[in-house]
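Colleague: Can you read through this structure? Questions will come right after.
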Amino acid sequence: MKKLLPVLFALLLAVSCSQSAGRVIPEGTFVKIYADMVLADRWLYINPESMAKADTSMVYEAVFNRYGYTTQDYLESVQYYINKPDKFSFLVTRAKDRLKNKSKEYSDLQKKAEEKEAAEKKLAEQADSLKLKKQDD
């Protein structure tokens, strides 16, 4: 998230220096986009070999396109929401909460998958044990 803030301000600077023709993204969608941008940024950080190949703005453009928006729309939205600091702070907090919830969902799914794998392994061991018993009889 710390790495995303300089990008956000660079984008804000770029939009303030140009004429805007974008749409303001509704709050709920903006939260989803912002959270996805953080995930994309994190993925690039974890995969530095991809980061060297990828232009971050292209990665973000894919996020915007997923929701039917453009970089210009995002920049317009940042400009709009940044002029309402309380609103912008609220949206960033909602994005953070969304990421926390997704993290918990993924952790829960991982735990269930591990429990299922352990149960299957135990059943396989029991089946092998029964096979060995039958062979001994």
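Results for (1) acidic (D, E); (2) modelled with pLDDT of 95 or more, shown as yes or no for each residue.
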residue: T29; (1), (2): no, yes
residue: P48; (1), (2): no, no
residue: M58; (1), (2): no, no
residue: T71; (1), (2): no, no
residue: S89; (1), (2): no, yes
residue: L109; (1), (2): no, no
residue: E120; (1), (2): yes, no
residue: D128; (1), (2): yes, no
residue: K133; (1), (2): no, no
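Colleague: Let me ask something else about it. Which of the following residues is closer than 18 Å to E27 by Cβ and not acidic (D, E): L99, L132, L44?
Modeller: Of the residues listed, the single one that is closer than 18 Å to E27 by Cβ and not acidic (D, E) is L99.
Colleague: Write out, first by first residue and then by second, each pair whose Cβ atoms fall under 7 Å of each other, whose residues are 6+ apart or on separate chains, and whose first residue, in region 17-36, is among the charged types (D, E, K, R) and surrounded by 15 or more Cβ atoms within 10 Å (Cβ to Cβ) while the second is part of a loop (DSSP other than H, G, I, E, B) and modelled with pLDDT of 95 or more.
Modeller: Pairs that qualify, where the first residue is among the charged types (D, E, K, R) and surrounded by 15 or more Cβ atoms within 10 Å (Cβ to Cβ) and the partner is part of a loop (DSSP other than H, G, I, E, B) and modelled with pLDDT of 95 or more, are K32/Y67.
Colleague: Also, I was wondering about something else. State all residues of region 68-110 that are open to solvent by 80 Å² or more (accessible area, probe 1.4 Å) and among the polar types (S, T, N, Q); if no residue qualifies, say none.
Modeller: Those that are open to solvent by 80 Å² or more (accessible area, probe 1.4 Å) and among the polar types (S, T, N, Q): N83, N101, Q110.
Colleague: If I ask for residues that are of a type in the set (A, V, I, L, M) and over 30 Å from T29 (Cα atoms), which ones from region 102-129 would you list?
Modeller: A113, A118, A119, L123, A124, A127
The values are calculated or read from the model by the stated rules, or taken from the named source; none is laboratory data. Because the structure is a prediction, the values reported are computed rather than measured. Heads up, the Cβs are rebuilt from the backbone with ideal geometry, glycines too, and the neighbour counts pull from every protein chain shown. Ligands, DNA and RNA are stripped out before the accessible areas are found, and what is left, the full protein with its side chains, is counted by its heavy atoms. Shrake-Rupley method; radii C 1.70, N 1.55, O 1.52, S 1.80 Å.
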